[in-house]
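Colleague: A single structure is presented below for examination.
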Amino acid sequence: MARCRLCRNEGQRTPAEIYLPAHRLPLCREHFLVWFERYLERTIKAFRMFSRKEKILVAVSGGKDSLTLWQALTSLGYEADGLFIYLGIEEDSFSLLSRRAVEAMAERLSRPLHIVDMKSELGFTIPDLKKKTRKYCSLCGTVKRYYLNLLAKRLGYKVVATGHNLDDEASSLLGNLLNWNLKYLAKKYPVLPEEHGFVRKVKPLCRFTAREIRTYAEIRKLPYLSESCPLSEDATRPFYADIMDELEEKAPGTKLRFYLDYLRKALPLFAERKEEFLERELLTCETCGEPAVSSPCLVCRLKEEFAGAGP
Ligand code: SF4
Ligand code: ZN
Ligand code: ZN
């Protein structure tokens, strides 16, 4: 049995319980937490995500990624508050359990948690969208991004952090590369600056695999919800994620190398010409005043449609 590398540095011979193949690092449970938080701090600094003076709004869903992010940022001494959007999915199960998970987490961290109800704010829920269209997952994503940005501004935060992990980033990078989706490739960076009415958006967990995050959440006994959204209809993402998992299995460290080398070597080439790749120019929605590609924006159009449809 390998010994914990960090214990060894301190002159102790503790057996390792966790092995991180991508980093070739055997660790005991305690040192895994130390490693995780140090690596998170280094990621925040390397990408200049935010400073300790800034207040951060963490978009929390109740799953392991966002709760891990909230916990680790708080443990590191950052001022991180939570925002939960109640999507109204399977009323008595998924959204309710998710809400309970984030409330338990806020109590554990003694940090403020903002809860907003999509139905009362926008007049519709995700199940309402599902009744209208088969492509509700992509609409759900757009509505959540819109709403997150608007709420961050309303609540006075300049930075929004989301729990996207390395598996998400590497598999979406692969999908976008296979389809030469230049618009997305040019923007694929873990920090999007504050501009054109958008607040700064950061992905501090972008260098952590889902497995590493789950290990952290389990050791820390976070009250996360392990079920995923029952409405999930996206069949392509798991496909790319499966391919990345297979590559990682055969050559540990592939996900991290693929993603970081893209950011270092290829992104600057795409980013130089990103204006050219945008299909449509950014406007300001005349109804809500938010940045959008059309006016009225998609969310305002949906609001109007559902208001006209009656209760
Ligand atoms: Fe929304 Fe689809 Fe994600 Fe469910 S799986 S939260 S419907 S994007
Ligand atoms: Zn150790
Ligand atoms: Zn609008």
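Colleague: Right, GLU248: of a type outside the set (Val, Ile, Thr), in a helix (DSSP H, G or I) and surrounded by fewer than 12 Cβ atoms within 10 Å (Cβ to Cβ) or not?
Modeller: Details: of a type outside the set (Val, Ile, Thr): yes; in a helix (DSSP H, G or I): yes; surrounded by fewer than 12 Cβ atoms within 10 Å (Cβ to Cβ): no.
No, not satisfied.
Colleague: Please state which one of GLY163, GLY197 is in contact (Cβ under 8 Å) with a residue 12 or more places away in the chain, on the phi > 0 side of the Ramachandran plot and outside the structural domain of LEU302 (by TED's automatic domain parsing). Steps first, please.
Modeller: Values: GLY163 fails: on the phi > 0 side of the Ramachandran plot.
Just a single option satisfies the conditions, and that option is GLY197.
Colleague: To continue, here is another question. Which residue pairs have Cβ atoms under 8 Å apart, sit 6 or more places apart or on different chains, and have a first residue in the stretch 283-304 that is open to solvent by 20 Å² or more (accessible area, probe 1.4 Å) and a second that is within 16 Å of ligand 2 (Cβ to nearest atom)?
Modeller: Nothing qualifies.
Colleague: Now for a separate question. Only one residue in GLU275, GLU286 is away from ligand 2 (no atom under 16 Å from the Cβ) and farther than 28 Å from ARG154 by Cβ, so which one is that?
Modeller: Working: GLU286 fails: farther than 28 Å from ARG154 by Cβ.
Sole residue among the options that is away from ligand 2 (no atom under 16 Å from the Cβ) and farther than 28 Å from ARG154 by Cβ: GLU275.
Colleague: May I ask you to say which residue of GLU30, GLU54 is in contact (Cβ under 8 Å) with a residue 12 or more places away in the chain, surrounded by fewer than 17 Cβ atoms within 10 Å (Cβ to Cβ) and among the acidic types (Asp, Glu)? Even if it seems obvious, please write down each step before you answer.
Modeller: On the way: GLU30 fails: in contact (Cβ under 8 Å) with a residue 12 or more places away in the chain.
The conditions single out GLU54.
Colleague: Here is a check on your reading of the model: is LEU151 part of a helix (DSSP H, G or I) and either in contact (Cβ under 8 Å) with a residue 12 or more places away in the chain or in contact with a strand residue (DSSP E or B) (Cβ under 9 Å, 6 or more places away or on another chain) (or both)?
Modeller: Working: part of a helix (DSSP H, G or I): yes; either in contact (Cβ under 8 Å) with a residue 12 or more places away in the chain or in contact with a strand residue (DSSP E or B) (Cβ under 9 Å, 6 or more places away or on another chain) (or both): yes.
Yes: the conditions hold for LEU151.
Colleague: Additional query: Out of ARG8, ARG13, ARG42, report the one residue that is farther than 21 Å from LEU166 by Cβ and part of a helix (DSSP H, G or I).
Modeller: Numbers: ARG13 fails: part of a helix (DSSP H, G or I); ARG42 fails: farther than 21 Å from LEU166 by Cβ.
Matching residue, one of ARG8, ARG13, ARG42: ARG8.
Colleague: Here is a check on your reading of the model: is GLU121 open to solvent by 60 Å² or more (accessible area, probe 1.4 Å) and part of a loop (DSSP other than H, G, I, E, B)?
Modeller: Working: open to solvent by 60 Å² or more (accessible area, probe 1.4 Å): yes; part of a loop (DSSP other than H, G, I, E, B): no.
Considered against the rule, which asks whether it is open to solvent by 60 Å² or more (accessible area, probe 1.4 Å) and part of a loop (DSSP other than H, G, I, E, B), GLU121 comes out as no.
Colleague: Give the residue, chosen from TYR216, TYR224, that is surrounded by 13 or more Cβ atoms within 10 Å (Cβ to Cβ) and part of a helix (DSSP H, G or I).
Modeller: TYR216
Colleague: Another one. Can you tell me which condition GLY163 does not meet? The list is (1) of a type outside the set (Asp, Glu); (2) open to solvent by 30 Å² or more (accessible area, probe 1.4 Å); (3) in contact with an Asp or Glu (Cβ under 8 Å, 6 or more places away or on another chain), and all the others hold.
Modeller: Here GLY163 meets the rest and fails (2).
Colleague: Also, quick follow-up: Being of a type outside the set (A, V, I, L, M, F, W, C) and modelled with pLDDT of 95 or more narrows it down to one residue among ARG38, ARG13; which is it?
Modeller: Going through ARG38, ARG13 in turn, just one is of a type outside the set (A, V, I, L, M, F, W, C) and modelled with pLDDT of 95 or more: ARG38.
Colleague: If you don't mind, there's one more thing I want to ask. From the set of residues in the stretch 137-151 that are more than 16 Å from ligand 3 (Cβ to nearest atom) and open to solvent by less than 30 Å² (accessible area, probe 1.4 Å), which is nearest to the chain's Cα centre (by Cα)?
Modeller: First pass over the stretch 137-151, keeping only residues more than 16 Å from ligand 3 (Cβ to nearest atom): 137-138, 140-141.
Narrowing the set further to residues that are open to solvent by less than 30 Å² (accessible area, probe 1.4 Å) leaves 140-141.
Working: CYS140: 14, GLY141: 12 Å.
Step by step, filter the stretch 137-151, then rank; the result is GLY141.
Colleague: A follow-up question, please. Exactly one of these conditions fails for GLU90: (1) part of a helix (DSSP H, G or I); (2) within 23 Å of SER226 (Cα to Cα); (3) open to solvent by 10 Å² or more (accessible area, probe 1.4 Å). Give me its number.
Modeller: (1)
The values are calculated or read from the model by the stated rules, or taken from the named source; none is laboratory data. All values derive from a computational prediction rather than experimental measurement. Note: ideal-geometry Cβ built from the backbone for every residue, glycine included; neighbour counts use all protein chains shown. Note: accessible area is taken over every heavy atom of the protein model, side chains too, but ligands, DNA and RNA are not part of it. Shrake-Rupley method; radii C 1.70, N 1.55, O 1.52, S 1.80 Å.
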